């Protein structure tokens, strides 16, 4: 009887070991991840340039930045306060087709004040690309305002 009880305890312990290994060896179920935020393009322009020749396009998928841009667009053009500030990179980024530079996607923001060193016009960046990319590293045109949200 003692031998039978020992055998049963041993089997239960072994079964528990198998059960715990099976559960521990199975990766936990991950909840479904939300899809990545959709990228949105915005057209910016210099408020002093009515020709549109200094307009540029930026892209972001940062929800707070998208929300801020859309809030700015609800204001009349003369009451929009936020200007863009962020790091820039060489090439058009696939969206800033007029220029040989672009704001790094998801790294720019709206600000109301920045240092003067990064202020300028889109054409200034284009004319002296090496300086802007390698010395300044960012662009924060004080006169640039969001003009519209672009749709594909």
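Only the coordinates and a few stated rules stand behind these numbers; no lab work does. Just so you know, these numbers come straight off a predicted model, no measurement behind them. Don't worry about glycine lacking a Cβ; one is built from the backbone with ideal geometry, like all the others, and counts go over all protein chains shown.
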*Quick one: residue 145 ticks every box in (1) surrounded by 14 or more Cβ atoms within 10 Å (Cβ to Cβ); (2) more than 22 Å from the chain's Cα centre (by Cα) except a single one, so which number is it?*
(2)
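Just a yes or no: is a residue in segment 110-119 in a helix (DSSP H, G or I), out of contact with any strand residue (DSSP E or B) (no Cβ under 8 Å at 6 or more places or on another chain), over 25 Å from residue 75 (Cα atoms) and free of Cβ contacts under 8 Å to residues at least 12 places away in the same chain? Lay out the reasoning, then the answer.
Residues of segment 110-119 that are in a helix (DSSP H, G or I), as a first pass: 116-118.
If we keep only those that are out of contact with any strand residue (DSSP E or B) (no Cβ under 8 Å at 6 or more places or on another chain) as well, we get 116-117.
Within this subset, residues satisfying the condition of being over 25 Å from residue 75 (Cα atoms) are 116-117.
With the extra rule that they be free of Cβ contacts under 8 Å to residues at least 12 places away in the same chain, the set shrinks to 116.
Within segment 110-119, one or more residues are in a helix (DSSP H, G or I), out of contact with any strand residue (DSSP E or B) (no Cβ under 8 Å at 6 or more places or on another chain), over 25 Å from residue 75 (Cα atoms) and free of Cβ contacts under 8 Å to residues at least 12 places away in the same chain.
For residues in segment 72-86 being free of Cβ contacts under 8 Å to residues at least 60 places away in the same chain and surrounded by 15 or more Cβ atoms within 10 Å (Cβ to Cβ), which is nearest to residue 134 (Cα to Cα)? First the steps, then the outcome.
Of segment 72-86, the ones free of Cβ contacts under 8 Å to residues at least 60 places away in the same chain are 74-76, 78-79, 81, 85-86.
Adding the requirement that they be surrounded by 15 or more Cβ atoms within 10 Å (Cβ to Cβ) leaves 85-86.
Numbers: 85: 16, 86: 14 Å.
Among them, the one singled out is 86.
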_So for segment 76-85 (the condition being within 17 Å of the chain's Cα centre (by Cα) and farther than 15 Å from residue 148 by Cα), does at least one residue qualify?_
yes
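Which of the residues spanning segment 44-63 are surrounded by 15 or more Cβ atoms within 10 Å (Cβ to Cβ) and farther than 10 Å from residue 105 by Cα?
Going through segment 44-63, the residues surrounded by 15 or more Cβ atoms within 10 Å (Cβ to Cβ) turn out to be 44-47, 49, 54-60, 62.
Of everything in segment 44-63, those that are surrounded by 15 or more Cβ atoms within 10 Å (Cβ to Cβ) and farther than 10 Å from residue 105 by Cα turn out to be 44, 45, 46, 47, 49, 54, 55, 56, 57.
Condition (residue is in a strand (DSSP E or B) and either farther than 23 Å from residue 117 by Cα or over 17 Å from the mean Cα position of the chain (by Cα) (or both)) applied to segment 87-97: is it met by at least one residue?
yes
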*All but one of (1) assigned to a helix (DSSP H, G or I); (2) under 13 Å from residue 39 (Cβ atoms); (3) in contact (Cβ under 8 Å) with a residue 40 or more places away in the chain hold for residue 59; which doesn't?*
(1)
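Looking at 41, 68, can you tell me which residue is assigned to a helix (DSSP H, G or I) and in contact (Cβ under 8 Å) with a residue 24 or more places away in the chain?
68
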*Applying the selection to segment 123-142, what residues are under 20 Å from residue 45 (Cβ atoms) and loosely packed, with under 13 Cβ neighbours inside 10 Å?*
127
*Filtering segment 98-109 down to residues that are out of contact with any helix residue (DSSP H, G or I) (no Cβ under 9 Å at 6 or more places or on another chain) and assigned to a loop (DSSP other than H, G, I, E, B), which residue is farthest from residue 139 (Cα to Cα)?*
105
